[in-house]
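Q: This is the structure I have questions about; it appears just below.
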Amino acid sequence: MRSRYLGRDLLHRWEGNPAITVDDIPFRANTVFNGTPIETPDGINLLLRIEGQHGYSFFALARSTDGLHFKIDKKPVMVPARKGPFAEEEIKGIEDPRVTVVEGTCYVMYTAVGPCGPRIALAKTEDYVNYERIAVISEPGNKDGILFPRKIKDRYARLDRPIGLGRGSIWVSYSPDLVHWGDSEVVMAPRGGYWDDYRIGASVAPIETEQGWLEIYHGVKMTSSGPIYRTGVALLDLDNPSKVIKRGDSPILSPREEYERIGDVPNVCFACGAVISDHDEVKIYYGAADTSICVATCTFKQLLEDAFE
Ligand code: BMA
């Protein structure tokens with residue numbers, strides 16, 4: 001069937017994009033990107049990845065009542081540990097936070113960049129300002145760790161992206177206590193010839209639906225002028241997420257606008273979280289060109305149905 005979205009994106013870009021740029025940051029910084037939403041009784045906060053002028057990344061908090069217009073706290077909320085057991089692991093910064101609330105606790109999985117490369121780490125917060133580190137939970141060479149919003153068969157579950165043979169695939173792992181992880185299985189690999197043929201990783205915490213876990217992921221295509229990061233969807237089995245029920249052929253968002261094409265890393269739309277309103281409107285937050293944070297929307301029905309056309 002000929003897709004209704006041929007030649008354009010399923011997601012609708014917010015007219016006010018980019019929602020947050022470095023000009024909105026109330027302290028010196030190089031750039032801001034890859035923010036993850038946290039729903040609060042007062043609205044939607046974003047935990048932002050900020051790259052300082054020194055070159056490494058840390059997190060700041062942006063607050064909003066409408067999920068579109070944000071005000072950023074005057075000081076960063078989480079910076080790389082400089083003493084204690086996490087210091088060595090975060091020596092080159094902390095990146096790409098993803099928030100999931102599980103059984104009422106707000107967890108942040110993030111990338112800790114240490115001397116041997118990126119590892120997945122886990123922290124939790126009660127007030128979005130103070131973060132308690134729990135553990136580093138992967139070996140080096142892993143990124144894009146995201147917790148599922150509930151246990152699966154009595155165990156916590158996460159998606160992540162170990163780099164095997166230089167090509168990252170999405171994997172699932174399980175844990176009884178959030179610290180010890182195992183029973184890892186591959187979920188999806190890059191697809192030769194497609195928009196996601198070089199590398200893929202989970203982007204948004206899996207969304208539970210009656211049909212399965214809806215996963216919004218990123219896929220990379222390598223070109224002669226570098227990678228292109230796009231966003232797509234897959235549906236995973238509720239009891240066994242390593243089983244892919246279906247996977248969208250086409251991306252739902254591709255870099256097209258100037259703010260997605262031009263920046264520190266060109267041609268990047270890198271989602272890090274989504275919020276679904278009571279009216280079934282989905283807001284997806286994504287980093288554009290590693291230089292700003294943008295918002296794109298669609299209806300839940302579009303994500304579940306049209307995205308797989
Ligand atoms: C990925 C991550 C993201 C980044 C993206 C595009 O590997 O490191 O933080 O936005 O590359 O540069």
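The values are calculated or read from the model by the stated rules, or taken from the named source; none is laboratory data. All values reported here derive from a predicted model rather than from experimental measurement. When we count neighbours, we look across all protein chains shown, and the Cβ atoms used for this are built from the backbone with ideal geometry, even at glycine. Quick note on the areas: whole protein, heavy atoms, side chains included, nothing else; ligands and nucleic acids left out. Shrake-Rupley method; radii C 1.70, N 1.55, O 1.52, S 1.80 Å.
Q: What number does the stretch 20-308 give for Rg over Rh if you use C-alpha atoms and the Kirkwood radius?
A: That ratio is 0.93, to two decimals.
Q: Spin-label point model (7 Å from Cα, Cβ direction): what's the LYS71 to ILE276 distance in nm?
A: According to this spin-label approximation, the distance is 3.1 nm.
Q: Further question on the same structure: Mind ranking 272-283, 201-212 by how tightly packed they are, going by the mean number of other C-beta atoms within 10 angstrom, highest first?
A: Highest mean packing first, the order is 201-212, 272-283.
Q: Follow-up. What are the residues whose amide H is under 5 Å from the amide H of LYS246, where those residues sit 5 or more places off or on another chain and H is modelled from the backbone?
A: Sorted by chain and number, the residues that satisfy this are LEU235.
Q: Related question: Can you list residues whose amide H is under 5 Å from VAL101's amide H, if they're 5+ apart or on another chain and H is modeled 1.01 Å from N?
A: Here TYR107 satisfy the definition.
Q: Over the chain, what percent of the accessible surface lies on carbon and sulfur atoms, probe 1.4 Å?
A: That share works out to 48 percent.
Q: At what distance in nm do the modelled label points of LYS124 and ASP23 sit from each other, each positioned 7 Å from its Cα along Cα→Cβ?
A: So the label points at LYS124 and ASP23 sit 4.1 nm apart.
Q: While we're looking at this one, here's another question. Among LYS71/LYS143; LYS124/LYS301; LYS74/LYS151; LYS246/LYS301; LYS124/LYS221; LYS151/LYS246, which pairs are too far apart, with a Cα-Cα distance over 24 Å?
A: LYS71/LYS143; LYS124/LYS301; LYS74/LYS151; LYS124/LYS221
Q: Based solely on its DSSP helices, what 222 nm [θ] is calculated for the chain when runs of n ≥ 4 H residues each add -39,500 (n - 2.57) and the sum is averaged over all residues, nearest 500 deg cm²/dmol?
A: Here the helix-only value at 222 nm equals -500 deg cm²/dmol.
Q: Length gain on complete extension for the stretch ASP197 to LYS153, per 0.36 nm per residue less the alpha carbon to alpha carbon distance?
A: Additional length available on full extension: 12.6 nm.
Q: Once the Cβ-Cβ distance between VAL179 and GLU208 is put in as r, and R0 is 22 Å, what FRET efficiency do you end up with, to the nearest 0.05?
A: Given R0 = 22 Å and the Cβ-Cβ separation, E is 0.35.
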